[in-house]
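K.L.:
One structure coming up, written as structure tokens, with questions to follow.
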Amino acid sequence: MKDGGHAPRRRSSGGEEPPADPGLFVRCPSCKERSYRKDLERRLNVCASCGHHFRLTVEQRLLITVDRGSFEEIDAGLAASDPLGWVDQRPYPERLDDARSATGHSDALVTGTATIDEIPVALAIFDFHFMGGSMGTVVGEKLARLVELAIERALPLVVFTASGGARMQEGTLSLFQMAKGASMRTRLREAGLPYVCVLTDPTTGGVAASLAMLGDVQLAEPQALIGFAGPRVIEQTIHQTLPKGFQRAEMLLDHGLVDGVVHRRDLRDTIARVLRVLTGGRAARGARARAT
């Protein structure tokens, strides 16, 4: 791991999604209906036909979540090294370089401070476009530094998860981050600070088995895949067909593993209401004080 210069920033104009296909129309992976890209963006990247929530970039998530201009990134230049000298079809450093070029971020977690409906928060957003949002040493370190900042400034923590799990190119070092995230969550609880986790599609593997399921309040986007092993792996292991909706957010809600499944259009307001309740009104009083 190393602290380098700031990674080149990819700017989003109006919340555009930057997939490989720059065409005017986008096909929904769920219902296969085609949407005019600009219309889809105006709907917060939610399919009008079936309600499928497209995966967002960090820039898109910030645009619809935080107060405009309030996000201040920290540790933007913190970057992974290659501790194991990993080579599969390609060397690990080459994969990192490609991911950084494609996303404009140094690793799969972007952290900083912001306000949500004038409530100051410490904020972390996983970038699934960066090597599947995989959690390596940099993700764990950035989360730990963010929690330290949250404790120092008495800020609630809000995390948006989207991950395929631990990063295999860092081996056991990546698995250590599960324990690291859990211990930092304990420190946050001891400081009496709220933690709200928003599970988005997909939240799996070591992230799901650690920090993603430890919030004081667990929210999820509709139909988000949430679990440890993926459904295909489970079916191949137990040689059974899984029930419809298995490991989806709605199933977890039915079984008490998340507190709410919230449409993207309502998510910002829901987070703000939850934070006001968890802070006992401190957030609202702080916002009024800043206004005066």
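The values are calculated or read from the model by the stated rules, or taken from the named source; none is laboratory data. Owing to the predicted nature of the structure, the values given are computational and were not obtained by experimental measurement. Glycine gets a Cβ as well: all are built from the backbone with ideal geometry, and neighbour counts include every protein chain shown.
K.L.:
Could you grab me the full set of residues in segment 59-69 that are in contact with a helix residue (DSSP H, G or I) (Cβ under 9 Å, 6 or more places away or on another chain) and either within 27 Å of Glu170 (Cα to Cα) or surrounded by fewer than 20 Cβ atoms within 10 Å (Cβ to Cβ) (or both)?
P.N.:
Ile64
K.L.:
Quick one: how many residues across segment 74-114 are of a type in the set (S, T, N, Q) and more than 19 Å from Thr161 (Cβ to Cβ)?
P.N.:
Residues in segment 74-114 being of a type in the set (S, T, N, Q) and more than 19 Å from Thr161 (Cβ to Cβ): 3 in total.
K.L.:
Between residues in segment 40-55 that are touching a residue at least 24 places away in the same chain (Cβ under 8 Å) and residues that are of a type in the set (Phe, Trp, Tyr) and assigned to a loop (DSSP other than H, G, I, E, B), which pairs lie under 8 Å by C-beta distance while being six or more apart or on different chains?
P.N.:
From segment 40-55, the pairs are Asn45/Phe54; Val46/Phe54; Arg55/Phe128.
K.L.:
Return a yes/no flag: does segment 10-17 have any residue that is closer than 18 Å to Phe128 by Cβ and modelled with pLDDT of 50 or more.
P.N.:
no
K.L.:
Residues being under 22 Å from Arg185 (Cα atoms) and surrounded by fewer than 21 Cβ atoms within 10 Å (Cβ to Cβ): count how many of those fall in segment 77-113.
P.N.:
So the answer is 1.
K.L.:
Now for a separate question. Just name the residue that is nearest to Val159 (Cα to Cα) out of those in segment 70-91 that are assigned to a strand (DSSP E or B) and not acidic (Asp, Glu).
P.N.:
The residue in question is Ile74.
K.L.:
How many of the residues in segment 114-141 are surrounded by 24 or more Cβ atoms within 10 Å (Cβ to Cβ) and charged (D, E, K, R)?
P.N.:
The total comes to 1.
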